[in-house]
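Read through the structure below, which is laid out as structure tokens, and then see the notes.
Please treat every number below as a calculation from the coordinates, not as lab data. Owing to the predicted nature of the structure, the values given are computational and were not obtained by experimental measurement. So basically every Cβ, Gly included, is an ideal-geometry build from the backbone, and we count neighbours across all protein chains shown.
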Amino acid sequence: MATRTFVVVVVCTLFLGVCMITSGKEDNIPTTSAYCKIVWLLGISCDQVNVAIVTQIKAMASYKLVSVTPKLIQANHTSGFGQLERVNFTMIPTSMILGCHVQGISVSANWF
């Protein structure tokens, strides 16, 4: 059940796209880029999280995997308007058994 809920959250987040404008305080984010960040603390292993995110990205035509490691997933998303966004997920095991701290970040390549 937790995995199913997580997959739904991943799908919603990926479809959500860009949700916030930043003042450029985060590293390597241009001051005029749209920026979205989400953090999850999940009660499943980071391996399960990694598989769920990669599977979902592969299932969505507007996303392309760039790099996959056990702790980092990088992808690009192209919107219907041709807007390019970088999407990164970092996963760090927590101290609780089978827990995973997941951070998802989406940054637009250009301001639109």
Given a Förster radius of 25 Å and the C-beta distance between residue 65 and residue 103 as r, what FRET efficiency does 1/(1 + (r/R0)^6) yield to the nearest 0.05? 0.90
Taking neighbour Cβ counts within 10 Å as the exposure measure, how do 44, 92, 73 sort from fewest upward? 92, 44, 73
